[in-house]
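What follows is a set of notes on a single structure, which appears directly below.
The values are calculated or read from the model by the stated rules, or taken from the named source; none is laboratory data. Every value quoted in this text rests on a predicted model; they were computed, and no experiment measured them. For neighbour counting, all protein chains shown are included, and Cβ atoms are generated from backbone atoms with ideal geometry for every residue, glycine included.
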Amino acid sequence: MKGRCDDGSFPYHPRLMRRVVLAALTLAAALVAVPAAGAWTTLSAEVQPAVIPAVLVTQVGTELISFDSPTGGTISVSRGGGTPKVIVANDPSAERTQLVQQPNGAIQLYFPNAAGVGRMTSTDDGVSWTGPIQTLSHDVGAVSGAAVMPDGTPLFSQDGTGFVNVFRGLNGEAVKNVFPRCCGYHESLAVDTTGLVQVAFYSNADPDGTTVYEPLGGDLSPGSPTALKPVAEHEAPLVSDKAGNTFLAWAPGYPTATVFTVVPFRGGQPAGDGVSFRASFTGGDPHMALSVDSQDRLWAAWTGQNAVHVARSRTHGMDFGAVVSVALPGTAHEISAVGIPGNPGKIDVIVNTGSSLIEQQLLPGLSVRVFKTTKKVGKKKIVSWFAQVLDDGFGVTTAKVSAGGHTVHVNASGTARLKGLPHGSAKAAAPGYTGASFKVP
């Protein structure tokens, strides 16, 4: 696909869309959603429905969460699961914030204030903050996206009627309107390992809605875009990993989404069919978030059917492990998520229920492959049944399977022989994972 159409609209990839949906049908047969144990905790009880927290895991593994309170005119930061601390007060334009960390360890927090966009800085892992320093953006709208170049140069973005502005530099010294059509919203920024800057956003410039992905040039000018449609208004999360891939989440279907899809890009172009999760969505669902953790594992989180769903990929988005689902105590208005370091790791999900921010850490899910082998001994055929416990196709060597009071530990490939286990319901479990149920034949 090259550039825009003669009428100014974006061409799109019907073949990509078709293949992605077909991939969803295949995936649905392979993954089983399982309930997650845990409880929601309240991060803040004083937010408005549009508040979307920014989340960052620092270089030393500390989780930071920043968010605004428009009614209180404050910007707050929670560090390491602690009580949020107000770092900016009396801000009449308090709205969405962004957190980024530069290679030298400095953390920058961008936020709107009465003069445009301000910047707070922490050089002690988020313990204390200095500022604000006023940037060269004079727009008081939300800071919807942010990223960091390989050389440490920050990027941040804002949108509005007739513009999606991408700023480059600690204080936004360079700026480019990457979408002068009306209009682009919910943009996100990502930078791949080559330094390619990329932006994705929702556009209602076309009647049936479009999720637009654009690679940007050295001067931030948009290159050949990819438009995915039809789509109702949703976020357009974009993240990059350390293997040169960038991932976009979008929700095909108009006026109601029918699929949650994660599509890979490489070098500014679609790099595969993507992986889709089919569900019955209503209202504003799915709200979506992506994160790449410090072990370069891709996490996806989305809402639907009064629950939050997460899945993790250890194969750079080629496949995902089992879906883990947890019920919500209210309606989801927005969602944020970040992968937490560790082996096997976890994801922290923050949901805006309309008046409160609630938070829960979820573990990756297990899946189970049951199979049999047949061995001929003389004239007899001896059938043996096995269960292999998997995490995105990788055998989980710490797992065990149990049924009827009997437990069997797996071998080095994550496989256990089911001899001695009674027929019927069984469970697979492993430290650091959400367990899975299966049937012993």
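Does Ala249 satisfy being over 14 Å from the mean Cα position of the chain (by Cα) and either outside any loop (DSSP other than H, G, I, E, B) or surrounded by fewer than 16 Cβ atoms within 10 Å (Cβ to Cβ) (or both)? In short, no.
Within segment 163-177, can one find any residue that is assigned to a loop (DSSP other than H, G, I, E, B), free of Cβ contacts under 8 Å to residues at least 60 places away in the same chain and under 24 Å from Gln269 (Cα atoms)?
no
Looking across segment 41-61, the residues that are under 19 Å from the mean Cα position of the chain (by Cα) and crowded, with 16+ Cβ neighbours inside 10 Å come down to Val51, Ile52, Pro53, Ala54, Val55, Leu56, Val57, Thr58.
Every listed requirement among (1) farther than 22 Å from Asp293 by Cα; (2) in the same structural domain as Pro237 (by TED's automatic domain parsing); (3) out of contact with any strand residue (DSSP E or B) (no Cβ under 7 Å at 6 or more places or on another chain); (4) small (Gly, Ala, Ser) is met by Gly342 save one, (1).
If you go through segment 198-218 and pick out every residue that is in contact with an Asp or Glu (Cβ under 6 Å, 6 or more places away or on another chain) and either crowded, with 24+ Cβ neighbours inside 10 Å or among the basic types (Lys, Arg) (or both), you end up with 2. For segment 363-375, the criterion of being modelled with pLDDT of 95 or more and touching a Pro at 6+ places or on another chain (Cβ under 6 Å) is met by at least one residue.
All conditions in (1) under 25 Å from Thr261 (Cβ atoms); (2) among the aliphatic types (A, V, I, L, M); (3) at pLDDT below 95 hold for Ala332, with the sole exception of (3).
Mind checking whether some residue in segment 252-269 is part of a strand (DSSP E or B), at pLDDT 95 or above, among the basic types (Lys, Arg) and surrounded by 24 or more Cβ atoms within 10 Å (Cβ to Cβ)? Checked against the condition, which is being part of a strand (DSSP E or B), at pLDDT 95 or above, among the basic types (Lys, Arg) and surrounded by 24 or more Cβ atoms within 10 Å (Cβ to Cβ), segment 252-269 yields no hits at all.
Of the residues Asp208, Asp285, Asp219, Asp273, only one is in a loop (DSSP other than H, G, I, E, B) and touching a helix residue (DSSP H, G or I) at 6+ places or on another chain (Cβ under 9 Å); which? Among Asp208, Asp285, Asp219, Asp273, only Asp273 is in a loop (DSSP other than H, G, I, E, B) and touching a helix residue (DSSP H, G or I) at 6+ places or on another chain (Cβ under 9 Å).
Inspect segment 405-425 for any residue being at positive phi, surrounded by 14 or more Cβ atoms within 10 Å (Cβ to Cβ) and in contact with a Ser or Thr (Cβ under 7 Å, 6 or more places away or on another chain) and give the result as yes or no.
Checking segment 405-425: at least one residue is at positive phi, surrounded by 14 or more Cβ atoms within 10 Å (Cβ to Cβ) and in contact with a Ser or Thr (Cβ under 7 Å, 6 or more places away or on another chain).
Considering (1) modelled with pLDDT of 95 or more; (2) of a type in the set (Gly, Ala, Ser); (3) in contact with a Gly (Cβ under 8 Å, 6 or more places away or on another chain), the lone condition that Gly160 does not fulfil carries the number (1).
When Ser128, Ser137, Ser78, Ser93 are checked against the criterion of being modelled with pLDDT of 95 or more and assigned to a strand (DSSP E or B), Ser78 stands alone in meeting it.
Quick one: in segment 405-439, which of the residues that are assigned to a strand (DSSP E or B) and of a type in the set (Ser, Thr, Tyr) is farthest from the chain's Cα centre (by Cα)?
Our first condition is that a residue be assigned to a strand (DSSP E or B); within segment 405-439, this holds for 406-409, 415-417, 424-429, 434, 436-439.
Subset that is of a type in the set (Ser, Thr, Tyr): 407, 415, 425, 434, 437.
Numbers: Thr407: 36, Thr415: 31, Ser425: 33, Thr434: 19, Ser437: 26 Å.
Looking at residues that are assigned to a strand (DSSP E or B) and of a type in the set (Ser, Thr, Tyr), I get Thr407.
Beta carbons closer than 8 Å, at least 6 apart along the sequence or on distinct chains, pair a first residue in segment 420-441 that is in contact (Cβ under 8 Å) with a residue 60 or more places away in the chain with a second that is outside any strand (DSSP E or B) and loosely packed, with under 12 Cβ neighbours inside 10 Å for Gly432/Asn343; Thr434/Ala37.
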